[in-house]
Amino acid sequence: MDKQAKLLSSRLFLKLRQVEVVLNRSVLTWREADKERKRSSGISEAAHGRSVQVCEIVAVGRTEDGDDKRTRKSRKEAKRHSQLYPYAFTVSFVMRTRQHQWRCSEVTFHCNDQELCNQWVRVTNEQLSLLTNRPKSLLVYINPFGGKRCGKRIYEQKVAPVFRRAGISTDVIVTEHANHARDHLKTEANLDKYDGVVCVGGDGMFSEILHGLVSRTQTDHGVDENQPDAELVSCSLRIGIIPAGSTDCVCFATVGANDPVTSALHIIVGDSQPMDVCSVHHDDIFLRYSVSLLGYGFYGDLMTDSERKRWLGPARYDLSGVKTFLSHNYYEGTVSFLPAEGNLGNPKDKLQCRSGCRICQHKPSSKDQHSEMSDKKEKSPKGDSGDWNVIHGKFIAINAATMSCACPRSPKGMSPSAHLADGTTDLILVRKCSRLNFFRHLLRHTNRNDQFDHSFVEVHRVRKFRFQPKHHRLDSLEDLSEPLQKKGFSPICLAQTTCSYSAAHSSWTCDGELLPHAAIQVR
Ligand SMILES: CCCCCCCCCCCCC/C=C/[C@@H](O)[C@H](COP(=O)(O)O)NC(=O)CCCCCCCCCCCCCCC
Ligand SMILES: Nc1ncnc2c1ncn2[C@@H]1O[C@H](COP(=O)(O)OP(=O)(O)O)[C@@H](O)[C@H]1O
Ligand SMILES: [Ca+2]
């Protein structure tokens, strides 16, 4: 098929100027008909020529009153003009603005031939209907209490109008309680009706939807999620994220911005990005899936504290951050991990994952990918010590970043070179160090300096890891991995210069939710 072959080519009017408009299978272009003359008059070409990829056209439709925005000066002339050229159609398309931000722009073409106008609308729409990756029907969940509690307004004012323009039909559910979306997806929703699910909320809401979809898929295929070695079946539905939460790192790290209109446009044009998902188990009990930050120690304590301050909105993280920083706790335990092998780079290589990323490309099908992962080393029996690395130590933080975790707070993220879909997570171990050093490390998340370039920080790209807190083993009984009830004796030692208090256990925060066990296995 010749992508360059013209499907339509006409002289139409754009505002008061005559333009040559050409549509082929991949591009719509228009340029001033008398371009040669204008060019010699010194006007830049960009001023009178443009093109739009067909795959970035949002919609095309008849414009009834030919109502472009015109200047007051030209109003009279415009009136005469619209009597001469009364038929018009408008093309809405994606316009890239600054920093990965997209906007919906429009251009209206006029002519004096109704049939020609209809033909343009029809042929352009025919081309759009060939784009099979675009969703037509979406199931939308809105968390009205995420972030600054603006989810509903953001959806209604910024997103719904663009979806409507693109002819997408939606079923919208405003959640009434936590886990409403998860449970609805898991058991009730008729998923055959939809081409995708849209999450309006933060990372916690995304996590609900992810759990709903992944669990539903496993149930439908008879896979037991509690089995740590179960071969999970990938989901056939995509999740679109409209950011309306506190951190929004899943959106920021995949799209490059946390902007509702940008997300809506990515959804409309059918963009898709595969994403690594970690499963977290405590022995044979499935706990949760994680896609962003799985953190023990500093982030676990921060999250435990911030849960009590939800009413503060996103600011709860700063307040709890300062409090947790001042506590300066460390935790003793053993981290074991299976390093990633092959051409997967390493967390210090400074090669960022971008669209078309070499490492995330050419992935085998999810099934092969899985067997490739469950694999070579993995054949060794359960205690598989062979290629596992084991590190015992005292840690201020143990973090697993499955994606970069870039967010407005930290634009390069927790692990700037982490990949979105390479089947690995970046395990960051921050050993016991002085408060000042830990502060330096934290601060480097917000500037250009390398947060891994400290003697007390080590980082590994891994396929699997496990953590065993020290006291669990010593205390030997089954339920010792239950979180310690720290309420009432959470230490804040402002006065001491070398505070080195160590509570027995911290908690894991898993994409912003707390886990009920400290001993975990992750793959
Ligand atoms: C001195 C400044 C230090 C700034 C350190 C910034 C580190 C930022 C790393 C961000 C990683 C974010 C990973 C995202 C995880 C989210 O999935 C998850 C859920 O998101 P949701 O609320 O939208 O549902 N969010 C989180 O786990 C929240 C992480 C919160 C990070 C806030 C860190 C603030 C630290 C402030 C330390 C202050 C030290 C002050 C010393 C005087
Ligand atoms: N209607 C609701 N009422 C209360 N909590 C909800 C509701 N809907 C979702 N949640 C829960 O709110 C939590 C936070 O949601 P999220 O959208 O991630 O906001 P934030 O980024 O501010 O944490 C999630 O754990 C989610 O399960
Ligand atoms: Ca990854």
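The values are calculated or read from the model by the stated rules, or taken from the named source; none is laboratory data. On a predicted model such as this, the values are computed, not experimentally measured, just so you know. Positions of Cβ are backbone-derived with ideal geometry, glycine not excepted, and every protein chain shown enters the neighbour counts.
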Here the qualifying pairs (Cβ atoms under 8 Å; residues six or more apart or on different chains; first in segment 421-435 and within 16 Å of ligand 3 (Cβ to nearest atom); second modelled with pLDDT of 95 or more and among the acidic types (Asp, Glu)) come out as Ala421/Asp276; Asp422/Asp276; Gly423/Asp276; Thr424/Asp276; Thr425/Asp276; Ile428/Glu458
Filtering segment 200-218 down to residues that are within 11 Å of ligand 1 (Cβ to nearest atom) and over 12 Å from His180 (Cβ atoms) yields Gly202, Asp203, Gly204, Phe206, Ser207
- [ ] Taking Ser207 as the residue in question, decide whether it is of a type in the set (S, T, N, Q) and either within 16 Å of ligand 2 (Cβ to nearest atom) or surrounded by 20 or more Cβ atoms within 10 Å (Cβ to Cβ) (or both).
- [x] yes
Check your understanding: Does segment 107-119 contain at least one residue that is assigned by TED's automatic domain parsing to the domain that holds Ser26 and charged (D, E, K, R)?
Key -> yes
Filtering segment 245-273 for residues that are in a helix (DSSP H, G or I) and within 15 Å of ligand 1 (Cβ to nearest atom) leaves a count of 9
Note: among Val140, Val172, Val121, just one is of a type outside the set (S, T, N, Q), away from ligand 3 (no atom under 16 Å from the Cβ) and in a helix (DSSP H, G or I), namely Val121
Residues of segment 264-283 being under 25 Å from Met303 (Cβ atoms) and of a type outside the set (A, V, I, L, M, F, W, C), in sequence order, are Asp276, Ser279, His281, His282, Asp283
Of all strands (runs of 3 or more DSSP E) fully inside segment 13-89, the set with 3 or more residues that are buried (at least 17 other Cβ atoms within 10 Å of the Cβ) and modelled with pLDDT of 75 or more is 17-24, 27-32, 57-62
Note on Gly204: of the conditions (1) touching a helix residue (DSSP H, G or I) at 6+ places or on another chain (Cβ under 8 Å); (2) among the small types (Gly, Ala, Ser); (3) modelled with pLDDT under 95, unmet is (1)
If you go through Asp195, Asp248, Asp220, the only one that is surrounded by 24 or more Cβ atoms within 10 Å (Cβ to Cβ), away from ligand 3 (no atom under 16 Å from the Cβ) and in the same structural domain as Arg149 (by TED's automatic domain parsing) is Asp248
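Of all residues being surrounded by fewer than 23 Cβ atoms within 10 Å (Cβ to Cβ) and in contact with a helix residue (DSSP H, G or I) (Cβ under 8 Å, 6 or more places away or on another chain) in segment 305-318, which is nearest to Gly423 (Cα to Cα)? Just the residue, please.
Tyr317
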Wholly inside segment 274-320, strands (runs of 3 or more DSSP E) that include 2 or more residues that are of a type outside the set (D, E, K, R) and farther than 26 Å from Arg431 by Cα are 285-290
task: Check segment 211-227 and report whether any residue there is without any contact (Cβ under 8 Å) to a residue 60 or more places away in the chain and within 19 Å of the chain's Cα centre (by Cα).
output: yes
Based on this model, can you work out whether Leu128 counts as touching a residue at least 24 places away in the same chain (Cβ under 8 Å), within 17 Å of Ser92 (Cβ to Cβ) and among the aliphatic types (A, V, I, L, M)? yes
Quick count over segment 114-167, residues being under 14 Å from Gly202 (Cα atoms), in contact with a helix residue (DSSP H, G or I) (Cβ under 6 Å, 6 or more places away or on another chain) and among the basic types (Lys, Arg), is 1
Is it true that Gly297 is buried (at least 22 other Cβ atoms within 10 Å of the Cβ), assigned by TED's automatic domain parsing to the domain that holds Asp450 and more than 14 Å from ligand 2 (Cβ to nearest atom)? yes
Within segment 110-160, residues surrounded by 14 or more Cβ atoms within 10 Å (Cβ to Cβ) and of a type in the set (S, T, N, Q) come out as Gln119, Thr124, Asn125, Gln127, Asn143
- Message: Condition first: surrounded by fewer than 20 Cβ atoms within 10 Å (Cβ to Cβ), within 16 Å of ligand 2 (Cβ to nearest atom) and at pLDDT below 95. Can you find one or more residues in segment 369-391 that meet it?
- Response: no
Those residues of segment 432-454 which are more than 10 Å from ligand 1 (Cβ to nearest atom), buried (at least 18 other Cβ atoms within 10 Å of the Cβ) and among the basic types (Lys, Arg) amount to Lys432
Of (1) within 16 Å of ligand 1 (Cβ to nearest atom); (2) surrounded by fewer than 24 Cβ atoms within 10 Å (Cβ to Cβ), Gln227 fails just (1)
Is it the case that segment 309-316 has a residue that's within 14 Å of ligand 1 (Cβ to nearest atom) and modelled with pLDDT of 95 or more?
-> no
Discussion item. Whether any residue in segment 146-154 is touching a strand residue (DSSP E or B) at 6+ places or on another chain (Cβ under 7 Å), part of a strand (DSSP E or B) and touching a residue at least 12 places away in the same chain (Cβ under 8 Å) is what I want to check.
Written reply: no
